[in-house]
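Following: one structure in structure tokens, then a few remarks.
The values are calculated or read from the model by the stated rules, or taken from the named source; none is laboratory data. Owing to the predicted nature of the structure, the values given are computational and were not obtained by experimental measurement. All Cβ positions, even for glycine, are placed from backbone atoms using ideal geometry, and neighbour counts span all protein chains on display. These area figures cover heavy atoms from the full protein model, side chains too; ligands, DNA and RNA do not enter into them. Shrake-Rupley method; radii C 1.70, N 1.55, O 1.52, S 1.80 Å.
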Amino acid sequence: MSTADEQSLRPWLAQLATTGRLVEIAEELDPASGLAARLVSHRREPARIARVRGSDLPIVANLLPSRALIAEALGVAERDLGDHLQRALAAPLGEQISRDAPCQEIVVEPDPDLAQLPIPRFFEHEGGPYITAGCIVTRDPETGARNWSIARVRPLGGARALVGIAPNHHLAVAARAARERGERLPIAVTIGNHPALMIAACFYLARGEDELLVAAALLGEPVALARCRRVPLEVPAGCEIVLEGELDLDATVEEGPVSEFHGGYERYGRAATATFHCLTRRRDALYQAILPGFHPEHTLIGGVAIAAGLERRLRGLVPAVRAVAVPESGAGRLSAVVALGPHEPGDALTAARAALSAVNLVKLVTVVDDDVEVWDDAAVAHAVATRVHFDRDLHVLPGMRADRAEPLEREGTIAKLAIDATRHAGDRDDWTPAEPPP
């Protein structure tokens, strides 16, 4: 069993640093202005900002800005990443309560001031700075199951914060179950987690499935947890910072414009708030940030996780499914590519329709043969250009359910598109690819 430090983000940071891939920014930066622009300039490079105005804590960001780096951080080759995620989803592991809890070396209670954290303001029209790498743990009061997810958190002054969660988010479902019991929902926001835990927090699992146990499978061993001090929850013992408190759906505030994965702003209206009773952290804590909006890490950690869950679901419906991608080009949410092995007529459209229905965000699905690398946009575009009859293979599906973050949704619906870019018998006499002689 690894130590809590070995299940933290620190080994990954050390690996990046020793191989010369961690950009070290020595100058002092202001989290309210300038810092976000610097992170954008390094959006495809892991970075550490040693001096942040107004805080003693350094910032690390852009730690997983490519699929290759995600795979490396999880200890596998990029070509094996999809299979690694599928194995973890199929066989979650357990947990172990750790006596060693670096995340509780310093305790600030009651009523911690969130302003002591170096939280960046990322975009000019947002209402303030946002915690963007906050993995939130809670327990559904109706099912008793634990939930591990990511949601945006914006400080409101003192120990209060806005928590931006979609109505269908399992965190929101649990909060509604608590409200029906006349209670507020205990939560713990954890900042600075091992890459396996970050990816697991982005999975779209069924209600009652525990993402932390899938994270354990990605780690290859039970996940080390520590019991919180003020709420009846457990958090990763190796994380950097923990905020313990309660989520209140009735105490709401107007959020205003907020950036989304598609690169623009959305206006969702009023948002729930949380009050935190305790802050714990490491003595030398690192503040982790994810550059939100249409930027590589934000789109890819979501896209890789959504693709894995979607592949798991589609394989149960269409056995010919071999791989699924939810690429950065579609903001890691809006488009998917499905590869099929030998299949029956109609399988391509069946798989596409299932994908479009399974994930509200996905509105474009391209189905290809398994000789096409699904994560290679050029290879997918080549398949569309060379294998599609546009009068036969484009299927527009109007009036499908859309996510509230869909940039073009109208009254909760959007027209979606399925493209069958697989080879069809009779289209060509010879599909042999032109290759150099051996």
Selection from region 146-169 of residues that are in contact with a Lys or Arg (Cβ under 8 Å, 6 or more places away or on another chain), at pLDDT 95 or above and either farther than 13 Å from ALA272 by Cβ or surrounded by fewer than 21 Cβ atoms within 10 Å (Cβ to Cβ) (or both): ARG146, ASN147, GLY164
Test: ALA379 is surrounded by fewer than 21 Cβ atoms within 10 Å (Cβ to Cβ) and part of a strand (DSSP E or B): no
Residue within region 111-132 that is at pLDDT below 95, more than 27 Å from GLU28 (Cα to Cα) and either part of a loop (DSSP other than H, G, I, E, B) or touching a strand residue (DSSP E or B) at 6+ places or on another chain (Cβ under 6 Å) (or both) present: yes
Some residue of region 34-52 being more than 16 Å from GLU240 (Cβ to Cβ), in contact with a Gly (Cβ under 9 Å, 6 or more places away or on another chain) and buried (at least 20 other Cβ atoms within 10 Å of the Cβ): no
Single unsatisfied condition, ALA178 versus (1) surrounded by fewer than 24 Cβ atoms within 10 Å (Cβ to Cβ); (2) in a strand (DSSP E or B): (2)
Whichever residue in region 133-143 is in contact with a strand residue (DSSP E or B) (Cβ under 9 Å, 6 or more places away or on another chain) and in a loop (DSSP other than H, G, I, E, B) and, among such residues, is surrounded by the most Cβ atoms within 10 Å (Cβ to Cβ): ALA133
Checklist (1) in contact (Cβ under 8 Å) with a residue 12 or more places away in the chain; (2) outside any loop (DSSP other than H, G, I, E, B); (3) farther than 30 Å from ALA339 by Cβ applied to TRP12, failing item: (3)
Extreme residue, nearest to LEU57 (Cα to Cα), among residues of region 277-298 that are in a strand (DSSP E or B) and either open to solvent by 20 Å² or more (accessible area, probe 1.4 Å) or among the aromatic types (Phe, Trp, Tyr) (or both): TYR287
Criterion violated by ALA196 - all others in (1) in contact with a strand residue (DSSP E or B) (Cβ under 8 Å, 6 or more places away or on another chain); (2) part of a helix (DSSP H, G or I); (3) not acidic (Asp, Glu) satisfied: (1)
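So that you can scan it fast, the table gives a plain yes or no per residue for (1) among the aromatic types (Phe, Trp, Tyr); (2) open to solvent by less than 30 Å² (accessible area, probe 1.4 Å):
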{"site": "ILE199", "(1), (2)": "no, yes"}
{"site": "CYS202", "(1), (2)": "no, yes"}
{"site": "ALA206", "(1), (2)": "no, no"}
{"site": "VAL214", "(1), (2)": "no, yes"}
{"site": "ARG230", "(1), (2)": "no, no"}
{"site": "GLU254", "(1), (2)": "no, no"}
{"site": "PHE261", "(1), (2)": "yes, yes"}
{"site": "THR275", "(1), (2)": "no, no"}
